[in-house]
Amino acid sequence: MFESLLVANRGEIARRVIRTAARLGVRTIAVHSEADATLPFVREADEAVLLGPAAPAQSYLNTEAILDAARRTGAQAIHPGYGFLAESAAFAAAVGDAGLTWVGPSPDAIEAMGDKVNARNLMAKAEVPVAAGTESPVADVEEAVRAAAAIGYPIMVKAAAGGGGIGMGLARDEVELRAAYETAKARAERFFSSPGILLERYIEHARHVEVQILGLADGRVVALGERDCSVQRRHQKIVEETPSPGVSAQLREQMLAGAVAAAEAVGYRNAGTVECLVDPKTQEYVFLEMNTRLQVEHPITELVTGVDLVEEQLRIAAGLAPAADLDNVRPTGHAIELRVYAEDPVRFLPRPGKITEWREPTGDGVRVDAGYEAGTLVTPHYDPLLAKLCVHGADRDAAIERARAAVKEFVVGGPATNLPFFDQLLTHPSFVSGAYDTGIVAKVRADA
């Protein structure tokens, strides 16, 4: 194991990585922007380095500043967390070129799976199910119209190099397709510097289900169960649970095998997630994309498996054998994650501000991964995720009950949060029954 680790991220995920590294006796280095100087992750690291102003381009996306911080502090490895540079093949390569250990998959694997069109074609070749769609980016809106006619409506329009739901749009006819294409292209150019657009057949009433994989140092790939991520606003997840209540035992086996095949197709190493869409009626699934990093929602997999995914990431990067017996992991119970945001609970718009009060729920089966505390400031510069409230119970009903109680106990003074929405969700018949899809947030709002 390396002796020192720089965490190239902020907030709750930086704290999360620092916690495991410290337990392993690894010296930790935090990097931060001026806006984040007083956040807990800065204090909890063994050493902290200021990167620059609040703007991400001048701080958390500043490759040279991060590598300079690593050189000055004697860091031997870099963990990117999620977001920012976590899925940048160029950054991963630069870390390696600097003689440092990259805690993540190879630059080649990141690049192969980062382009949705290329990833889709790779998966089809590996016999992983894919939705009907374009095999190369469409050149213009007229080609998109012709392709959509051949594929069949409804159509999902996506930025080929995108992620996080940015630029995605649904089209049920040609008029909607033309509008969605222009929006997706503009956002693709703005956020990803790549105008490529992918079209895929949209699956009505689909569930969004993903599989956690680990590509081990010895070349093997293991799957550690699935997570249901269907509770979304603006195509972005806000609640996840495992196991998925919409996946049969037979489909689960197929999805786990498909995820392993997907990772093997690109020689994958370290933690990754294979995301899929599931048709609950037919119990069939298709590949959606692969996230070549640790997921926001990884804690619920840790709760049901007992595996510390960050520790396994560090061990894989160091070329070591797993700490856990990964071939014999048997998930137990049920876990739910609620992403607590500083946002309006009705329209889900960011609401930054100073946190005047902060009381986390406690008790058996409750875990809170937080990036903030009382007295800290939520700025408009970054994603407004405050904390991840996770619960584990003997079964789904027990987990839901525990989640309801924990939501009521969680007190955040100052900025508005989405905690009131979770109150509504956790008692809504669609969620309680488990028979929901990616439209559930709109349904809960309509019934409020």
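What follows is calculated from the coordinates using simple rules that are stated; it is not laboratory data. Model, not experiment: these values are computed from the prediction. Methodologically, a virtual Cβ is constructed for each residue, glycine included, from the backbone with ideal geometry; neighbour enumeration extends over all protein chains shown.
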Going from the fewest other Cβ atoms within 10 Å to the most, one would list 102, 358 as 358, 102
Calculated FRET efficiency, residue 149 and residue 427, Cβ-Cβ r, R0 45 Å, to nearest 0.05? 0.55
DSSP-loop trypsin sites (Lys or Arg not before Pro) across region 200-267, with at most 12 other Cβ within 10 angstrom: 234
Beyond 28 Å (Cα-Cα) in this structure, taken from 237/408; 158/354; 116/281; 185/354; 281/388, we find 158/354; 185/354; 281/388
Kyte-Doolittle mean at least -1.0, axial Cα span of 24 Å or more - DSSP H helices of the chain: 174-192
Cα centroid of region 195-241 to Cα centroid of region 378-429, whole Å: 21 Å
DSSP beta bridges in the chain, what fraction antiparallel, as a percent rounded to 5? 80 percent
Tell me, how many Å apart are the Cα centres for region 142-177 and for region 1-79? 39 Å
Charges at C-beta only: +1 for Lys and Arg, -1 for Asp and Glu. How large is the resulting dipole of the chain about its Cα centre, in Debye rounded to 20? 620 debye
What does the charge count around residue 58 come to, taking other residues whose C-beta lies under 12 Å from its C-beta (Lys +1, Arg +1, Asp -1, Glu -1)? -2
Using Cβ counts within 10 Å as a stand-in for footprinting exposure, how do 281, 408 rank, fewest first? 281, 408
Where Lys and Arg each count +1 and Asp and Glu each count -1, what net charge lies around residue 92 among other residues with Cβ under 12 Å from its Cβ? -2
Go ahead and run the numbers for FRET between residue 284 and residue 182, Cβ-Cβ distance against an R0 of 22 Å, rounding to 0.05. 0.10
Along the Cα-to-Cβ line of residue 97, 7 Å from the Cα, sits a label point; which residues in region 314-332 have backbone N less than 13 Å from it? none
Just to be sure I understand: with springs between alpha-carbon atoms less than 10 Å apart, which residue in 74, 196, 99 has the highest mean-square fluctuation in the Gaussian network model of the chain? 99
How much length is gained on full extension from residue 446 to residue 72, taking 0.36 nm per residue of separation minus their Cα-Cα distance? 129.3 nm
